[in-house]
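Asker: To start, I am sharing the structure in question, which I have written as structure tokens.
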């Protein structure tokens with residue numbers, strides 16, 4: 001183990017795949033900076049997640065890993081070997097990231113203790129018995145090498161031009177203050193709340209609160225977003241297709257965001273917008289919105305809840321039979337918990 005903290009000059013963080021996973025991994029950055037004040041920190045990730053990291057001043061550079069093609073993999077490994085890292089933290093620890101870690105030059109290589117990957121690391125972190133949120137699981141790698149865990153916040157920053165874009169959009173659409181963001185996105189089909197249920201939830205909320213809904217969507221979500229809008233168009237606005245960064249800027253103007261378990265949900269939570277996550281096949285305890293402002297809802301009584309299946313082999317009961325009154329109760333709780341000045345409808 002490296003005992004001289006000031007002597008650590010270069011650190012690599014590896015987190016591949018999903019945007020949500022990458023957002024949750026940003027929890028390690030400030031802890032590393034404080035513990036290793038002289039180190040440059042690089043971050044290796046895949047193209048979809050690069051935009052959420054590129055403006056983080058805490059990072060020396062974001063290195064893009066192109067998954068497709070053996071030549072691209074070889075180029076990435078050669079690039080990493082040139083840097084001769086003091087620490088490599090493989091926060092993903094799948095077969096591919098383990099191989100990258102093994103072939104890159106690093107004095108200390110930290111990874112999760114998973115079958116078939118121990119060869120890649122000289123520090124193995126076992127979290128199997130720990131019941132932790134995924135963000136806190138990432139911190140266990142730092143703890144294993146003696147890093148003090150002083151910071152427990154995710155990092156995301158909105159650029160000034162994105163701030164202006166969102167302000168202009170809200171003004172031009174006369175959205176006002178009481179806006180609820182709706183995000184129908186989801187990496188798996190089974191994680192996506194059906195449009196008919198989203199419509200039901202929005203109608204129930206609107207029966208109690210004088211609010212508008214802003215429906216935000218990205219690639220692959222247009223049909224669901226349009227269907228939701230058609231059911232509540234008298235008191236909603238649907239945005240055009242946005243980039244991830246534009247979506248986050250628009251989230252920042254909402255009082256509350258309701259979202260599936262997805263990258264956009266984690267991004268909304270990362271900027272401290274109270275976020276209500278709808279869960280079905282995944283664990284809200286491990287993958288729910290991270291932070292005290294947020295909450296989640298799911299149909300806990302269902303026998304197949306938290307199945308972790310990419311596609312539902314049944315009738316998607318976890319979403320279609322979710323009690324909208326329970327969602328409204330969670331919505332009410334979040335308003336109260338965060339002291340949100342939300343205008344009620346007088347009856």
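The values are calculated or read from the model by the stated rules, or taken from the named source; none is laboratory data. Note that the coordinates shown come from a computational prediction; the quantities given were computed from them, not determined experimentally. Methodologically, a virtual Cβ is constructed for each residue, glycine included, from the backbone with ideal geometry; neighbour enumeration extends over all protein chains shown.
Per-residue answers, yes or no, for (1) in a loop (DSSP other than H, G, I, E, B); (2) in contact (Cβ under 8 Å) with a residue 24 or more places away in the chain:
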{"residue": "264", "(1), (2)": "no, yes"}
{"residue": "276", "(1), (2)": "no, yes"}
{"residue": "282", "(1), (2)": "yes, yes"}
{"residue": "304", "(1), (2)": "yes, no"}
{"residue": "309", "(1), (2)": "yes, yes"}
{"residue": "326", "(1), (2)": "no, yes"}
{"residue": "331", "(1), (2)": "no, yes"}
{"residue": "334", "(1), (2)": "no, yes"}
{"residue": "339", "(1), (2)": "yes, no"}
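Asker: Of everything in the stretch 78-97, what is free of Cβ contacts under 8 Å to residues at least 40 places away in the same chain and farther than 21 Å from residue 27 by Cα? Give them in sequence order. Before the answer, list the steps.
Answerer: Step one: list which residues in the stretch 78-97 are free of Cβ contacts under 8 Å to residues at least 40 places away in the same chain, which gives 78-79, 81-82, 93, 95.
Answer for the stretch 78-97, where residues must be free of Cβ contacts under 8 Å to residues at least 40 places away in the same chain and farther than 21 Å from residue 27 by Cα: 78, 79, 81, 82, 95.
Asker: Restricting attention to the stretch 31-62, and to residues there that are in a strand (DSSP E or B) and without any contact (Cβ under 8 Å) to a residue 40 or more places away in the chain, which single residue is surrounded by the most Cβ atoms within 10 Å (Cβ to Cβ)? Reasoning before the result, please.
Answerer: We begin by selecting, within the stretch 31-62, every residue in a strand (DSSP E or B); these are 40-45, 61-62.
Among the residues that remain, those that are also without any contact (Cβ under 8 Å) to a residue 40 or more places away in the chain are: 40-41, 43, 45, 61-62.
On the way: 40: 16, 41: 21, 43: 27, 45: 24, 61: 13, 62: 18.
Going through the qualifying residues, I end up with 43.
Asker: For the stretch 118-140, enumerate the residues that are assigned to a helix (DSSP H, G or I) and over 19 Å from the mean Cα position of the chain (by Cα). Before the answer, list the steps.
Answerer: Quick first cut of the stretch 118-140, residues assigned to a helix (DSSP H, G or I) only: 118-120, 134-140.
118, 119, 120, listed by residue number.
Asker: Being touching a helix residue (DSSP H, G or I) at 6+ places or on another chain (Cβ under 9 Å) and closer than 14 Å to residue 142 by Cβ is the requirement here; does residue 80 meet it?
Answerer: On the way: touching a helix residue (DSSP H, G or I) at 6+ places or on another chain (Cβ under 9 Å): yes; closer than 14 Å to residue 142 by Cβ: no.
It is false that residue 80 is touching a helix residue (DSSP H, G or I) at 6+ places or on another chain (Cβ under 9 Å) and closer than 14 Å to residue 142 by Cβ.
Asker: Output yes when any residue across the stretch 253-270 is more than 28 Å from residue 169 (Cβ to Cβ) and touching a helix residue (DSSP H, G or I) at 6+ places or on another chain (Cβ under 7 Å), and no when none is. Break it down stepwise before answering.
Answerer: Applying the first criterion (more than 28 Å from residue 169 (Cβ to Cβ)) to the stretch 253-270 yields none.
No, the conditions are met nowhere in the stretch 253-270.
Asker: Which of (1) more than 27 Å from residue 265 (Cβ to Cβ); (2) part of a helix (DSSP H, G or I); (3) in contact with a helix residue (DSSP H, G or I) (Cβ under 9 Å, 6 or more places away or on another chain) is the odd one out, the single condition residue 27 does not satisfy?
Answerer: (1)
Asker: Do we have any residue at all in the stretch 98-106 that's surrounded by fewer than 19 Cβ atoms within 10 Å (Cβ to Cβ) and in contact (Cβ under 8 Å) with a residue 60 or more places away in the chain? Break it down stepwise before answering.
Answerer: Narrowing the stretch 98-106 to residues surrounded by fewer than 19 Cβ atoms within 10 Å (Cβ to Cβ): 99, 102-103, 105.
Keeping just the survivors that are in contact (Cβ under 8 Å) with a residue 60 or more places away in the chain gives none.
Checked against the condition, which is being surrounded by fewer than 19 Cβ atoms within 10 Å (Cβ to Cβ) and in contact (Cβ under 8 Å) with a residue 60 or more places away in the chain, the stretch 98-106 yields no hits at all.
Asker: Let me ask something else. Among residues belonging to the stretch 137-176 that are within 16 Å of residue 214 (Cα to Cα) and surrounded by fewer than 13 Cβ atoms within 10 Å (Cβ to Cβ), point out the one that is modelled with the lowest pLDDT.
Answerer: Taking the candidates together, the pick is 176.
Asker: For a quick check of your reading of the model, give me the residue pairs whose first member lies in the stretch 109-128 and is on the phi > 0 side of the Ramachandran plot, whose second is crowded, with 23+ Cβ neighbours inside 10 Å, with beta-carbon atoms closer than 6 Å and at least 6 apart or on different chains.
Answerer: Filtered contacts from the stretch 109-128: no entries.
Asker: Quick check on this structure: which one of 205, 182 is at pLDDT 95 or above and within 24 Å of residue 310 (Cα to Cα)?
Answerer: Working: 205 fails: within 24 Å of residue 310 (Cα to Cα).
Sole residue among the options that is at pLDDT 95 or above and within 24 Å of residue 310 (Cα to Cα): 182.
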